[in-house]
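The values are calculated or read from the model by the stated rules, or taken from the named source; none is laboratory data. Nothing here was measured: the structure is a model prediction, and the numbers come from that model. Positions of Cβ are backbone-derived with ideal geometry, glycine not excepted, and every protein chain shown enters the neighbour counts. Surface accessibility is based on the protein's heavy atoms, side chains included, excluding ligands, DNA and RNA. Shrake-Rupley method; radii C 1.70, N 1.55, O 1.52, S 1.80 Å.
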Amino acid sequence: MADGEVNPFANSSANSKMCPLPHEPADYDRGATVDIPLDGSMDLRKREQELQAREAELKKKEQELKRREDNVAQAGIVIEDINWPPIFPIIHHDIRNEIPVHLQKLQYVAFTTFLGPTIWFLAIIYFIFGVPGSYVLWYRPLYRAMRTESALKFGWFFLTYSFHIGFCAFACVAPPIIFRGKSLTGILPAIEILTWSALVGIFYLIGFVFFCIETLISVWVIQQVYMYFRGTGKTAEMRKEAMMAAL
């Protein structure tokens, strides 16, 4: 190359050397230790220990209860849990587990007769027809008689209300004549039931008291209505209306 010639690549090669990038310090130290919280595992272990302690306590109580039951059984003491009827347990009854298999059928049949389908049927009749029947037969006629001063309505009330009083008086005694079984809570069924079940007998006595109260109140009502009716002077009118209705 001549002295006067200029190398065009001289500056470009010198400028082509790139400056090194500055050193960036690392965000973390490779030799440093990392602390991981162990609270979750410790809580889990603590709960596990608490569950194990509770389980051990329950097993201890179960063993103690079984020991007491064994002692009671060895002593010949029979503890009967009250389990019937389910809605209001008042007696102990478990045919399936306590009665021999060859006697269970007979026991179930006897239990059916004990329940008394007739008694339940009559009780349903009393409940369904008692309140609406009384309303239609004597309460509404009395209401209309008081409102309209109708002698015929008064006469119908006296007739039907007399049957009502007769039924209440009959129910107070409840002799086994017309209504069989124990469907009426009168004094006779109450005395009979008290001989084998004090609790059920008490319920029958309560029913007997209510029938007595109903009878006394009904007698007072019909007496007062009759006194009012006679005071209005409608006896002759009632007789006339009754004859016209019969014709």
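Annotation: of all residues in the range 91-127 being of a type in the set (S, T, Y) and either under 24 Å from the mean Cα position of the chain (by Cα) or modelled with pLDDT under 75 (or both), the one that is most open to solvent (accessible area, probe 1.4 Å) is T113. Just to be sure before I move on: is T215 open to solvent by less than 90 Å² (accessible area, probe 1.4 Å), at pLDDT below 85 and under 30 Å from G233 (Cα atoms) in the structure I sent? It is false that T215 is open to solvent by less than 90 Å² (accessible area, probe 1.4 Å), at pLDDT below 85 and under 30 Å from G233 (Cα atoms).
Of the listed requirements (1) open to solvent by 80 Å² or more (accessible area, probe 1.4 Å); (2) in contact with a Lys or Arg (Cβ under 7 Å, 6 or more places away or on another chain), S150 misses just one: (1). Annotation note: of A174, A190, A169, A198, the sole residue that is under 18 Å from T215 (Cβ atoms) and open to solvent by 40 Å² or more (accessible area, probe 1.4 Å) is A169.
Take F88 and tell me if it is at pLDDT 70 or above, outside any loop (DSSP other than H, G, I, E, B) and aromatic (F, W, Y). The answer is no for F88. Is it the case that the range 130-145 has a residue that's free of Cβ contacts under 8 Å to residues at least 12 places away in the same chain, open to solvent by 40 Å² or more (accessible area, probe 1.4 Å), over 18 Å from E214 (Cα atoms) and touching a Lys or Arg at 6+ places or on another chain (Cβ under 8 Å)? Yes: the range 130-145 contains one or more residues that are free of Cβ contacts under 8 Å to residues at least 12 places away in the same chain, open to solvent by 40 Å² or more (accessible area, probe 1.4 Å), over 18 Å from E214 (Cα atoms) and touching a Lys or Arg at 6+ places or on another chain (Cβ under 8 Å).
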